[in-house]
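The values are calculated or read from the model by the stated rules, or taken from the named source; none is laboratory data. As the structure is a computational prediction, the values presented were derived from the model and not from experiment. In this analysis, Cβ positions are derived from the backbone assuming ideal geometry, glycine residues included, and neighbour counts consider all displayed protein chains.
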């Protein structure tokens, strides 16, 4: 025996004090959960990951027909209407999928939560990463659509990662808040699909936010940007189609995004200790 002894120190509040450091220490668990969810997501489906292509493609065709042909909405910029729709559909689909997946992530991992310690924030974060994989596949479909129309995006497409980051932050903030609520109030599993269904119509997915100005006023468009996804979608269209950016609305959407991130993290951390009991 070498005579080396190990000393176990139990310190009150140590887990709380080292919470954010523990997230890094448990990063392998984050990878494992993300990879598991990616494999399970389409495991028992007939066409598998192809749903990541079929869903946005069908939605784009429906929106193009409803808003472009029947609604005769204006098409700002020189991009084909399907590309305009797809540029708005991409961030919205990422947000709605992330919200749906994150809302039930804690309840779906009840056995893991009640047995071992780890920062619970890892679970909803890993579910959002899975939604980002769907986003990446759908983005490749958008590239294919642009090649089909022989459309070359403007130079500001290089700034697209900035708006992807904003979309990720708003999905993360709202997702944390909703998943914490869903642990305590299971009614939210019925509310989330309704919010997602309603949100696609009150967010400029199938139409441009300039329609708000045409039908109402410039001030109405500013308050419309209280929906943070408005600024994100406007940013995507500015990068991909060259549609003029409404900068006051973008700034308001960014402020709302950071607000949701703050309250999402704060509420999640406040209720985290009771997750095991409530689940």
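This table checks each residue for (1) touching a helix residue (DSSP H, G or I) at 6+ places or on another chain (Cβ under 8 Å); (2) in a helix (DSSP H, G or I); (3) modelled with pLDDT under 90; (4) loosely packed, with under 14 Cβ neighbours inside 10 Å.
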| residue | (1), (2), (3), (4) |
| --- | --- |
| 163 | yes, yes, no, no |
| 166 | yes, yes, no, no |
| 181 | yes, yes, yes, no |
| 190 | no, yes, yes, yes |
| 197 | no, yes, yes, yes |
Q.
The conditions are (1) at pLDDT 75 or above; (2) part of a helix (DSSP H, G or I); (3) closer than 27 Å to residue 231 by Cβ, and residue 54 fails exactly one of them. Which is it?
A. (3)
(Q) I'd like to know if the range 98-117 contains one or more residues that are under 18 Å from the mean Cα position of the chain (by Cα), in a loop (DSSP other than H, G, I, E, B) and touching a residue at least 24 places away in the same chain (Cβ under 8 Å). (A) yes
(Q) Just the residues that are surrounded by 15 or more Cβ atoms within 10 Å (Cβ to Cβ), more than 16 Å from the chain's Cα centre (by Cα) and under 23 Å from residue 85 (Cα atoms), please, taken from the range 118-153. (A) 141, 142, 145, 146, 151, 153
